[in-house]
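Heads up: the structure comes next, in structure tokens.
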Amino acid sequence: MSGDDERTESPESTDEVLGVSEVFKRYRDGDATVEAVAGVTLSLPRASLNVLVGPSGAGKTTLLGMLGGLVLPTSGDARIDGVSVVHLRDHHRTALRRTKVGFAFQDLALIQGMTLLENVLLPLTPRGGARKEDVTRAEALLERFGLLDKRDRRVERLSGGERQRGAIARTLVLEPPILLLDEPTAHLDSENAAAIVDALVELRDDGKTVVAATHDARLAEDGRVDRSLTMRDGRLC
Amino acid sequence: MLTNLLRPFLLARLLSGISVSALVVVALFVAVRVLRRFRLGETSEGQLLLERRAELVATLVQAALGMAIFNLALTVLAADHLSQAIRGAMCAYGVFSSNDLGFLPLGTSALAALACVLWLTLHRLDLALPDPRLTRRKFIALFIVGPLVLLDLWATLAWAFDLDLGVVATCCSASIDQAGTQTFGAAPMGGRVTLYYAALATLALAVLALFALYRRPGRVRAWTAAALAALSVALCLPAIVGYVAPHMYENPRHLCPFCLLHADALGIGWPLFGALFLAGSLGLSLVVLESQRRRAADDAIVSALEARVAKVAMLGFVITFVLCVFPVARYAWISGGAPLFGGPG
């Protein structure tokens, strides 16, 4: 099922968890204006696995950022769990993101020099650090992703697949209902990529709303994906 | 005269006033745009850009108006220091009264400072809310605050240029003390005492009302606290002049409030008037918060801010109370209980 900015996706669906309406993102590049996202309307329901696929520079990361309230649109509306984020004050938007959205960035953003467990516990820092039950929960997440025995290993000593799974585990430590992942299978071999996809399907089955931006066709063509949206030149095809 | 300006505190006051006014003028241009185009429900590029711009400008205005509040102290400080350069002027009173504009710059500074406190309260409430639903009102309010700030700048500049350091000024003893003694002297001695104790009682009630508001914010408590805050200021000012000051000077005929700023009065005037102004203006700002409660549509946020404002105002009135009692108690201790005014004290 592919998305289309002219399809009848209801931006105000009551089951909508993430939504954007006629969003544009424009950047100045010298005298020129670049439209990274051009007039996208999208509504994603609860407990769904959605994939944004497209070539590099299509606007996937920008759209992902707008869906998660990390990037503000130049115009148009973006909603997280029914709350419009475009008018929110920074601290309110941050608080909303912190409780609702988990991000796994393209470069993973794992902190070198820290262990895998320390990285997974990092999102708890603004709250004053990890309590005993948080550590227990983090270890359970690592076990789920087959990484418990690597908990005390520094991240630079992990393989690509292990780091990818560790980054996903980190997004879950605050138990957000929404997960946004940018290129979750990048630079992974088939076996590791399949493991990631399996993990994402499991998370969807757990009731989470998952959106993955990728140029990897393997993820987009997996039959278990609820929605595969193709993006090109800032628009949904 | 330009040479008048070559006095450090006066120069500081003028430069501060000019910077504040410049920022306010810039903000007023943005305020016009906000008034004409700000529509919170829209998600057009123009609206989103205007929201960001308004937030940035409001941040600058916050700094400017904070400085404008401080300008009130700078006005008094400048005048007090100039008293050393003007013959006959023993304090800021002599400096103000030596000039045709008189106390106008002090009045405009006080009015502008009060308006700034009220605007800053509205601004803090707007920032605390999830979205800029009070931004339009906040910028509309700048059309009141802005002109007051500019009027203050004009009054201060005119006063500074009109200063004649060669004039022989009238000392506070020759005018305010005489006038004050006549005013208070015409009334029964008990009148001064009654006024003093009425001021203390009102301060105590204001503290209690603010404490009650701090514990449980609400409309009735806020209005009660605001009314008592205003009444406290209205009673404290004449009580300080007529009763507290003479006790501090140990002289029943010396009433000048400006001399309380000096070292021989332990500089008590600074914390006393400072605390009174802060507490009084914050007390009045409770009215601003209550008036925006419906539009804010978030009782929890409004109440939380009311509680914080009440806490600071309460502290200000406690300090005022202590500093109103201290000179009287000190004199009683020094004099062994002898009344200052020659009758029951």
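The values are calculated or read from the model by the stated rules, or taken from the named source; none is laboratory data. Worth saying up front: this structure is predicted, and the values here are computed from it rather than measured. Counting neighbours? That spans all protein chains shown, and the Cβs are built from the backbone with ideal geometry, glycine included.
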Quick one: what pairs do we get from the range B:125-140, first residue more than 8 Å from chain A (Cβ to nearest Cβ) and over 11 Å from B:GLN292 (Cβ atoms), second part of a loop (DSSP other than H, G, I, E, B) and among the aromatic types (Phe, Trp, Tyr), C-beta under 8 Å, 6+ apart or different chains? B:THR135/B:PHE38; B:ARG136/B:PHE38; B:PHE139/B:PHE38
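Which members of the range A:200-210 meet the condition of being of a type in the set (A, V, I, L, M, F, W, C) and crowded, with 19+ Cβ neighbours inside 10 Å? Step through it out loud before you land on a result.
Looking only at the range A:200-210, we keep the residues that are of a type in the set (A, V, I, L, M, F, W, C), and these are A:200-201, A:203, A:210.
A:LEU200, A:LEU203, A:VAL210, listed by residue number.
Take B:ARG137 and tell me if it is assigned by TED's automatic domain parsing to the domain that holds B:ALA27 and not in a helix (DSSP H, G or I). Quick ask: steps written out before the conclusion?
Working: assigned by TED's automatic domain parsing to the domain that holds B:ALA27: yes; not in a helix (DSSP H, G or I): no.
Criteria not met by B:ARG137.
Does the range B:135-154 hold any residues that are among the hydrophobic types (A, V, I, L, M, F, W, C) and more than 14 Å from B:GLN62 (Cβ to Cβ), and which are they?
Taking the range B:135-154 as the starting set, the residues that turn out to be among the hydrophobic types (A, V, I, L, M, F, W, C) are B:139-145, B:148-151, B:153-154.
Residues satisfying the conditions are B:ILE140, B:PHE143, B:ILE144, B:LEU148, B:LEU150, B:LEU151, B:LEU153, B:TRP154.
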Among (1) part of a helix (DSSP H, G or I); (2) more than 14 Å from chain A (Cβ to nearest Cβ); (3) more than 13 Å from B:ILE18 (Cα to Cα) - the single one B:ALA155 does not satisfy: (3)
Given the criterion under 16 Å from B:LEU35 (Cβ atoms), β-branched (Val, Ile, Thr) and outside the structural domain of B:PHE277 (by TED's automatic domain parsing), identify the matching residue among B:ILE144, B:ILE69. B:ILE144
If I ask for residues that are surrounded by 13 or more Cβ atoms within 10 Å (Cβ to Cβ) and either more than 19 Å from B:VAL149 (Cβ to Cβ) or not assigned by TED's automatic domain parsing to the domain that holds B:ASP80 (or both), which ones from the range B:12-36 would you list? B:ARG33
Within the range A:211-221, track down each residue that is buried (at least 18 other Cβ atoms within 10 Å of the Cβ) and of a type in the set (D, E, K, R). A:ASP216
Residues satisfying the stated conditions in the range B:43-59, i.e. touching a Leu at 6+ places or on another chain (Cβ under 9 Å), touching a residue at least 12 places away in the same chain (Cβ under 8 Å) and surrounded by fewer than 20 Cβ atoms within 10 Å (Cβ to Cβ): B:GLU55
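Would you confirm whether any residue within the range A:122-132 is hydroxyl-bearing (Ser, Thr, Tyr), modelled with pLDDT of 95 or more and more than 18 Å from the chain's Cα centre (by Cα)? Before you say what the answer is, go through the steps one by one.
Of the residues in the range A:122-132, the ones hydroxyl-bearing (Ser, Thr, Tyr) are A:125.
Retained after the next criterion (residues that are modelled with pLDDT of 95 or more): none.
Looking for residues that are hydroxyl-bearing (Ser, Thr, Tyr), modelled with pLDDT of 95 or more and more than 18 Å from the chain's Cα centre (by Cα), one finds none in the range A:122-132, hence no.
Against the definition (under 29 Å from B:ALA89 (Cβ atoms) and buried (at least 20 other Cβ atoms within 10 Å of the Cβ)), how does B:PRO257 come out, yes or no?
Working: under 29 Å from B:ALA89 (Cβ atoms): yes; buried (at least 20 other Cβ atoms within 10 Å of the Cβ): yes.
Criteria met by B:PRO257.
Just checking, does the range A:38-61 include any residue being under 27 Å from B:THR135 (Cβ atoms), in contact (Cβ under 8 Å) with a residue 24 or more places away in the chain, within 14 Å of chain B (Cβ to nearest Cβ) and of a type in the set (Val, Ile, Thr)? Give the derivation first.
Step one: list which residues in the range A:38-61 are under 27 Å from B:THR135 (Cβ atoms), which gives none.
No, every residue in the range A:38-61 fails to be under 27 Å from B:THR135 (Cβ atoms), in contact (Cβ under 8 Å) with a residue 24 or more places away in the chain, within 14 Å of chain B (Cβ to nearest Cβ) and of a type in the set (Val, Ile, Thr).
Condition check ((1) more than 16 Å from the chain's Cα centre (by Cα); (2) over 17 Å from B:VAL193 (Cα atoms); (3) in the same structural domain as B:ARG221 (by TED's automatic domain parsing)) across all residues:
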position	(1), (2), (3)
B:LEU235	no, no, yes
B:PHE273	no, yes, yes
B:LEU278	no, yes, yes
B:VAL288	yes, yes, yes
B:SER291	yes, yes, yes
B:VAL302	yes, yes, yes
B:VAL325	yes, no, yes
B:ALA329	yes, no, yes
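Taking the options B:ALA63, B:ALA85, B:ALA54, B:ALA110, name whichever one is within 14 Å of chain A (Cβ to nearest Cβ) and within 28 Å of the chain's Cα centre (by Cα).
Values: B:ALA63 fails: within 14 Å of chain A (Cβ to nearest Cβ); B:ALA85 fails: within 14 Å of chain A (Cβ to nearest Cβ); B:ALA110 fails: within 14 Å of chain A (Cβ to nearest Cβ).
Criteria check complete, one pass: B:ALA54.
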Considering (1) farther than 30 Å from A:VAL20 by Cα; (2) touching a residue at least 24 places away in the same chain (Cβ under 8 Å), say which one B:PHE29 fails and leave the rest. (2)
Hits in the range A:68-81 (condition: closer than 17 Å to A:LEU179 by Cα and free of Cβ contacts under 8 Å to residues at least 60 places away in the same chain): A:GLY69, A:LEU70, A:VAL71, A:ALA78
Applying the selection to the range A:82-141, what residues are in contact (Cβ under 8 Å) with a residue 40 or more places away in the chain, among the hydroxyl-bearing types (Ser, Thr, Tyr) and within 14 Å of chain B (Cβ to nearest Cβ)? A:THR99
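Kindly indicate the residue of the range B:158-172 that is surrounded by fewer than 22 Cβ atoms within 10 Å (Cβ to Cβ) and assigned to a helix (DSSP H, G or I) and also farthest from the other protein chains (Cβ to nearest Cβ) among those meeting that condition. Steps first, please.
To start, the set of residues in the range B:158-172 that are surrounded by fewer than 22 Cβ atoms within 10 Å (Cβ to Cβ) comprises B:158, B:161-162, B:164-168, B:170-171.
Cutting the leftovers down to assigned to a helix (DSSP H, G or I) gives us B:158, B:161-162.
Details: B:ALA158: 41, B:PHE161: 44, B:ASP162: 46 Å.
Of everything passing the filter in the range B:158-172, B:ASP162 is farthest from the other protein chains (Cβ to nearest Cβ).
Right, B:LEU40: surrounded by fewer than 17 Cβ atoms within 10 Å (Cβ to Cβ), modelled with pLDDT under 95 and closer than 22 Å to B:ARG124 by Cα or not?
Values: surrounded by fewer than 17 Cβ atoms within 10 Å (Cβ to Cβ): yes; modelled with pLDDT under 95: yes; closer than 22 Å to B:ARG124 by Cα: yes.
So B:LEU40 passes the test.
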